Structures are given as C-alpha cells and as structure tokens.
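Sending over a structure as structure tokens; questions will come in a sec.
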Amino acid sequence: MRRGRRILIVDNDRVILEAVSDMLSAKDYQVTKAHDGLEALERFRESQFDLVIIDIVLPKIDGHDLCRLIRQDERGRLLPIIALTALGPQDVAKLPGLSADAYVAKGPLTVIFPNILEAIKSVLSGRRRPLGEQRIFGYEGFRPRRIV
C-alpha cells in the first residue's frame, strides 16, 4: 500500500463514519468525511481522491445518484468506488446503473473493518472489473434490510 492515499467516505451513520475513518487513518490513509450525498459531491469537486466509499442509503443525494454523478465527471470515470451498504446483493442488483467497483456489507465493526481493507486492496490493485463482475465482501451470514 502506498502511504497517503486519499479516501472520501460518505455515510449518514456517524458511528460507522467515525469508526471507519479512524481505522483508515490508522492505516495511513488520508480520509475526508461527508455525512450526506450533497456534502460528498462538494468534497469530491473540491479535492482529488484515490478512492471513494459510499453508503447507498443517504440523505439529500442517495448513493446511487452520487455514484452516477461522480462517474459523469472526467476525474470520476475511473475512480475506484466501494459501496458500503446494509442492502442485500439482490436489492443492490435492482439499482440500474450503480457503478461501484466493490460492495461491502454493513455489519458489526469487527466484520466491516477487514472487509473494507480487502475491498480497498482489491479495487486499488489497478485491475478494473467489467460491470456486473464487481467484488462483494462480507455478505456471508448477512441479513439485509429491505428497500421499502
């Protein structure tokens, strides 16, 4: 891992946002936090990032639309994006156009941490997977929330 990689993380769950941010900072990543999709889009437009971690269910601009807006920007076309979500894989598959490079299931922090690190390693390896072949981390024994 190269030191100082810049990561933008967006999640409206403050516990997850702070815990994941602290864990990544301890691993020498430079972390910028956002609490909703609109704030994340502003941060993205203000700075350069090596990776974005996006919760799918967000206020103001949801993660699906945020991902689409980032991909429409020249700097975001090839930017690795990890979706961190409590939605099950079957619900994520129903979101057409969601172009994350990997998905990590939300769960206990002790489970999220290694899965996020593995997802980061995977997406920063430089090999982009074709749409539909994204990596999924942490869905073993997962109990999804339903979209209503």
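Which ones in the stretch 11-47 are open to solvent by 20 Å² or more (accessible area, probe 1.4 Å), among the aliphatic types (A, V, I, L, M) and touching a strand residue (DSSP E or B) at 6+ places or on another chain (Cβ under 6 Å)?
31
Considering only the stretch 48-85, how many residues are in a loop (DSSP other than H, G, I, E, B) and either of a type in the set (D, E, K, R) or open to solvent by less than 40 Å² (accessible area, probe 1.4 Å) (or both)?
Selection size over the stretch 48-85: 11.
Still on this structure, please answer the following. Which pairs have Cβ atoms under 6 Å, sit 6 or more apart or on different chains, and link a residue in the stretch 12-33 that is over 15 Å from residue 109 (Cα atoms) to one that is surrounded by fewer than 16 Cβ atoms within 10 Å (Cβ to Cβ) and of a type outside the set (Lys, Arg)?
The qualifying pairs are 12/59; 30/4; 31/25.
The values are calculated or read from the model by the stated rules, or taken from the named source; none is laboratory data. What you see is a predicted model, and the numbers here were worked out from it, not measured in a lab. As a convention, Cβ positions derive from the backbone with ideal geometry for all residues, glycine included, and neighbour counts pool all protein chains shown. Only protein heavy atoms, including side chains, enter the accessible area calculation; ligands, DNA and RNA are left aside. Shrake-Rupley method; radii C 1.70, N 1.55, O 1.52, S 1.80 Å.
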